[in-house]
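Trainee: Questions regarding the structure given below will be posed in turn.
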Amino acid sequence: MLTNGKKIFAFVLIFCLAFCFLTPASAAGEIFVDNASLDVWENGWPEYWNFDSDGAMIEQMQGEDGSSCAKITLTDPGYAFLSQEIQLESEKVYMISCRIKTENVSAAYPAANINIWGQPQAEDGFLADTQGDWQEMRLCVKTNVDDFQTYTIRFGLGNEDSDATGTVYIDSIRVEEMDEDPADLPIHTLVGSLAQAGGLDDGSDGEGSGDEETSRYHHSREDITYNDVGEMLFAITAFIAVYLLITSVWKEKMAHFLQNKWAVLLIFAAAVGLRLVIAYREPGHITDMNCFASWAKQLTKTGLGGFYSSGIFADYPPGYMYILYPIGLLGNALGWQLGTAEYSLLVRIPAILCDAVLAYVVYRIGKKRMAPGSSMLISLLVLFSPALIATSSSWGQIDSVFILAAVGSLYLLQKDKKVYAAMLLMVTFMIKPQALIIAPVFAIVYLADIFTKGRTKRALWDTLLSFVGMAGVYLLLAVPMMPEGSSFLYVFERMAETMGQYAYGSVNAFNLMALFGGNFANMENGFLFGTYGSFGAAFIALAILAAAVLYFKKRDKGNIFLLSAFVVISVFVLGHEMHERYILPGIVFLLIAAMQKDSRKLTFLGMLLSILAFLNIQIVLLYGADAIDTLVVIILSAMTVVAYGFFVWLCVRHMAFAPEEFLRISAVPEPMPGLKERKRRSAKERLESFPLEEKGRRMNKRDAWVLSLITGIYAVFAFTNLGSLVIPARTQPVTAQGDSAYIFELSESQDIYQWKYYAGYCEGNMQIFISEDGEEYTPLLDGNVKHEYGDMFKWHFNDFGGRAKFIRIEVTQGDIELREVAFTDSENNLLPIAGAWAVRDGVQEEAPYLYDEQDQVPTITSALTDMYFDEVYHARTAYEYMEGLYPYEITHPPLGKSIITIGIQIFGFNPFGWRFMGALFGVLQLPVFYIFAKRLFKKTKWAAIGTVLFAADFMHFDLTRIATIDSYSIFFILLMYLFMYEYSQHNFNREKLWKTFIPLGLCGISFALGAATKWLCIYAGLGLCVLFFYTVYQRYQEYKYARENGMEEIAANYKKKLTLTILFCVLVFIIIPVIVYVASYAPYFNNTEREFGLLDVWKNQEYMLNYHGNLKTDTPHPYSSRVFTWPLNVHPVFFFMAEGEMNGLSGLIWCIGNPLVWWGGLLGVLYLIGMRKNRGQKLKGLPFIAIAALSQYLPWTLISREVFIYHYFATLPFLILALVYALRRISGTYKHGKQCVYAYVALCVAAFFLFYPIMTGVLVSRSYNLFLQWLPNWPVV
């Protein structure tokens, strides 16, 4: 037995050791230059330094004294500088210096140099190589008499006027005030005072990697994009959905579903696949990815033993190098090079796999305390944690690797296997020193056992063996990599050097220190009545002491994971020098504790902290320290601190006071009928309940009246202001051949302010000449007026700015079809035209048709008369079909454009004509939707509500009133799923087979028409395939039941009916669609410009596949958006803007969703996922809708081309149907549910009227448009 004194000594010793691990030494000394040692790096270059270059690479390397330095490499001639703004005093002499080493430099000007921006006389440098030696480079300057002395010092290669190539290493930058003038250096007097300007920026847009893709992680505060914010919000929403799913009424079914190993395997494969896709597409954190990749490469060159002595900068201990070594070997074997997306993905694979293994380990630990399916549910919060996904995939960090080892270590400690636990703890430390954060947990548990009566002797023996085991692990991992002659504690010494690099109150951790201004504030700065460092150390000590008190209260090893979560999260929230990712282990420990305690509140808290950690990590990753808005830091830090307060309360209750039963998650009832038995029961129910003549399923007179009313009202709005029936008449074009021009004579010489023209089907260049006598012409403009393919069939307003009586418009290239021309004065009055002539190849003829429709000349351009957005492709192609021309737009199948020609044949080639069929199909979508909704909900009320919401959506209105093919494709998709749903309600086991063929055949025909319109409908076919084969699977289960229970007729006919059904599907889903698809190419076959045959049909498919698979541009389209932002409606597409004499008015058309419908739909889906009780309401058909929606949405996530929010249109009808499910449940569940539903629908309709101007281009005041800008990224002009 130990005496009390010895026990106290042991307690103090272990406690102090643990505390020392958590308080690294701080940096000291104030100098003129921030981060002058270049030891602290963030976002790919040294913190507080800007990197200005035209193509250089910058890397963090080991410097002269063993710390880090900057390596700048210019492969191609150019320049590159590290720069920083400094403040100097007036009339002083300063020495600016650095240590430098150069390799292979080449330049006429001193390649490596120091200079001051804007001070060409103040520069110095080296022309030749330093032969591998470090040398000092110095520049002596004298400030002037100005009071304001701010300068930008620069260190690098070349300059803007003289290119250089080669490599320079920069270290130990100093700026010193000189007491006396140096005798060996010239002194350069600084002229004036110049702040940082010119080519230098705030450091957030540097080109450190030389890779354009990395610019995604170099934003400034002003560059925060809708895509970034939208994806973060989507990730959070998806994670909340996972949490709701495992705590809702679906929990029981999910738990049993997850007992199927194939289901679990599929989910884990999907999670890993998601991470791999993200890792391949995202460049990762520049500094970390460069380090890991270069370490892997270096290990293949030097082996383990020569790695640390090779001179490469490496601030990680040996543990992870054992993982990177085979990664590097594999990269070499595959021939992948540094800097490629493939190599970047390869380096991230260990962390990605550890994410999945970690989730599985969490499941196995939880399985000890709860049902397997239930523990698997909680493990999904680890598997799909956005914080872990962002860390391992987007960032490329390895936190999950050491967390996995830490979890194993703590689990062994919980099982009282202390020696093995301590050895694994050492492995964890050798992977990442951050593992020391859980050392106090070991100290507390060891001490508790030492102070427990009857366990002291064994506890002391375990302690001794633990130290021996840890030493053994240390030697095993460290010795093979120690440089020759290094000390036994080499790894600890090396880690101690790196741990002092971040002497700040907070290092991008949104915690208590950041809340009070400590983010990247020197930890010696004042905070309250002390410093950030002193308060951080005190808070850490108090947190560990509190943890010891809580644990000693019960000394229950069942609390070890909760205790560990308490320590890690407390240190993160309260401590100093914390990085953004240091909370991650605590979150994982917390979720394990939630399972072991069966606590809903702890599970919720784990979800909440995961979201806050994700926001912290992703914001830092995207924007870096300098670009994060202070308000964002304050808000997220405050939320973290509040969540921490709730967490402390729960820890106290669980570990000290609360009985366990007060905090339990509702347990999953066990047992539940097995899957086999449930299938049998379902088959029996379907056979016995058929035919399904459910009340209210069929349409009735009331439905007809309601549907007619909704459709009629919508049709009025759809066809009103659709487009003009009159545009300038067609004329014969003038071709650039010989003397070709249009000539206009005004009634008298006039000052012409503007000329306007409406052009037909043409493309070319024009040059404008003016004359007073019609003989001598002078050019009005130096260049040509370009009329491009996107300029046809619309009015153009061009500034003129000259005086003339005669105007000659020469066609210099292509052909121009001017249909109407007008000239105006400065007050926008039309100038009388006395005559006009067309000159074709030198032959001049009168052309009164060029000015005979002056009443049509507008003062403001309008969508009523002009082609806009993609009409220039689709409506133009319809025109070409009618004219027998080979079509311009060949990136979509032809049927949609052929449908457009029907409206043109009826109303003529004018805006109303080319838009009519799209609007008509938009109107017809409503009856299809209504019938579908009636089949699902069996109530007129809910079918009507769903249809009204669909009609009130802006995107439905926008995309069906423009001459593109989306209206037709969505119409056919709705028909496909309506008929497939009808087929799923039929049953060939209990009725005539031909009756089931009717909806199945109609579905196939709809699919054929859709596929010939747009490939989007083929994506829909994937969902149809899933639904069809699920229905066939149900028939098979019924067949098995019938065979086992003597239902001979069903059993005897099943195989024959199944065979005929499959053959029928081959006919209607393969043969007929192929025939329809090829037949849709009739306009191609009938064109008069080139031969076109069946082989050309196949070549066109190859072209379309290549086009859509590689639709990328050097400059992203300003209105493109990422797939995961679409449900949030954050970035609409800009369709049209009126131009002309606006007088404070604005005419716009956006392609945008009704925000109340879209956001309400998203909330409705979350509500359905998270509902706690079914309350007797059937959700039949909801899985069908979910599959339909996902089949339209998920394929876009796999496409790398630029995409736009209007691609979400196909998902929208099914989102609204899901919303109606939610509204129906709300109506029947809550006291004022009905009133809330009616109010919501009324608000959606009101929003339609509110936003009507921006859906139609109606002129309104600019202030009205500003009022409609509910989100910053919604376009307002």
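Bear in mind that the values in this text are calculations on the coordinates, not laboratory data. Being a predicted model, the structure only gives us computed values, none of them experimental. Note that we place each Cβ from the backbone using ideal geometry, even for glycine, and neighbour counts take in every protein chain shown.
Trainee: What is the sum of charges around Trp837, taking Lys and Arg as +1, Asp and Glu as -1, for the other residues whose C-beta is under 11 Å from the C-beta of Trp837?
Mentor: Cβ neighbours under 11 Å give a net charge of -1.
Trainee: Pairs Lys453/Lys553; Lys297/Lys418; Lys251/Lys418; Lys368/Lys418: which exceed 26 Å Cα-Cα?
Mentor: Result: Lys297/Lys418; Lys251/Lys418 exceed 26 Å.
Trainee: Of the cross-linked pairs Lys786/Lys1014; Lys253/Lys939; Lys367/Lys432; Lys253/Lys934, which ones have a Cα-Cα span greater than 30 Å in the structure shown?
Mentor: Lys786/Lys1014
Trainee: Using the per-residue mean of other Cβ atoms lying within 10 Å as a proxy for protection, in what order, highest first, do the peptides 957-969, 544-556 fall?
Mentor: 957-969, 544-556
Trainee: May I pose another question? Stokes-Einstein D for the chain at 37 °C, 0.692 mPa s, Kirkwood Rh over Cα pairs, in µm²/s?
Mentor: 92 µm²/s
Trainee: Something else now. Provide the net charge surrounding Leu636, with neighbours chosen by a C-beta distance below 14 Å and charges set as Lys +1, Arg +1, Asp -1, Glu -1.
Mentor: The answer is -2.
Trainee: Also, I was wondering about something else. What is the fewest-to-most order of Asp825, Asp782, Asp76 by other Cβ atoms lying within 10 Å of their Cβ?
Mentor: Lowest count first: Asp782, Asp76, Asp825.
Trainee: Provide Ser379, Ser564 in ascending order of the number of other Cβ atoms located within 10 Å of each residue's Cβ, fewest first.
Mentor: Listing Ser379, Ser564 from fewest to most nearby Cβ atoms yields Ser379, Ser564.
Trainee: Hey, which lysines would be in cross-link range of Lys142, C-alpha to C-alpha under 16 Å, not counting anything within fewer than 8 residues on its own chain?
Mentor: Lys92
Trainee: At what distance in nm do the modelled label points of Asn332 and Leu185 sit from each other, each positioned 7 Å from its Cα along Cα→Cβ?
Mentor: Here the modelled spin labels are 4.4 nm apart.
Trainee: If you average 1/r over all unlike Cα pairs in the stretch 394-495 and invert the result, what Kirkwood radius do you get in angstrom? Kindly include the intermediate steps, with their values, before the conclusion.
Mentor: Working: mean 1/r = 0.0687 Å⁻¹.
Answer for the stretch 394-495: a Kirkwood hydrodynamic radius of 14.5 Å.
Trainee: Then there is this: Compare the peptides 300-308, 286-294, 842-850, 508-516 by average per-residue count of other Cβ atoms within 10 angstrom and give them in order, highest first. Write down the numbers at each step before the final one.
Mentor: Working: 300-308: 15.6, 286-294: 23.0, 842-850: 13.7, 508-516: 26.2.
Ranking the peptides 300-308, 286-294, 842-850, 508-516 by packing returns 508-516, 286-294, 300-308, 842-850.
Trainee: Right, something else. For His787, list long-range residues whose amide hydrogen, built 1.01 Å from N in the peptide plane, is under 5 Å from its own amide hydrogen.
Mentor: Gly764, Asn765, Met766
Trainee: If we count every other residue with Cβ under 11 angstrom of Ser466's Cβ, Lys/Arg +1 and Asp/Glu -1, where does the sum land?
Mentor: Once positives and negatives cancel, what remains is +1.
Trainee: Further question on the same structure: Based only on Cα atoms, what mean projected area does the convex hull of the stretch 837-881 have, in nm²?
Mentor: Averaged projected area of the stretch 837-881's Cα convex hull equals 5.3 nm².
Trainee: Taking amide hydrogens as modeled 1.01 Å from N in the peptide plane, which residues meet the under 5 Å criterion relative to Asp315, leaving out close sequence neighbours?
Mentor: Here nothing satisfies the definition.
Trainee: Let me ask something else about it. If packing is taken as the average number of other Cβ atoms within 10 Å across a peptide's residues, how do 1058-1065, 33-40 rank, most packed first?
Mentor: 33-40, 1058-1065
Trainee: While we're on this one: What area, in nm² and to one decimal, does the C-alpha convex hull of the stretch 734-862 cast on average over all directions?
Mentor: With every direction weighted equally, the projected area is 7.1 nm².
Trainee: Which of the trypsin sites (Lys or Arg not before Pro) across the stretch 434-484 are loop residues per DSSP, with 16 or fewer other Cβ within 10 Å?
Mentor: Here the sparse-neighbourhood loop sites are Lys453, Arg455.
Trainee: Using just the helices of the chain, give the 222 nm mean residue ellipticity in deg cm²/dmol: DSSP H runs with n ≥ 4 each add -39,500 (n - 2.57), and the total is spread over all residues, rounded to 500.
Mentor: So the helix-based figure for the chain works out to -16000 deg cm²/dmol.
Trainee: Here is a follow-up. By count of other Cβ within 10 Å, fewest leading, how are Tyr714, Tyr1103, Tyr151 ordered?
Mentor: Neighbour counts put them in this order, fewest first: Tyr1103, Tyr714, Tyr151.
Trainee: In Å and from the alpha-carbon atoms only, list the Rg and Dmax of the stretch 872-1098.
Mentor: 20.7, 68
Trainee: Continuing with the same structure: Are there GluC sites (Glu not before Pro) in the stretch 736-814 that DSSP marks as loop and that have at most 13 other Cβ atoms within 10 Å, and which are they?
Mentor: Filter output for the stretch 736-814: Glu772, Glu775, Glu776, Glu788.
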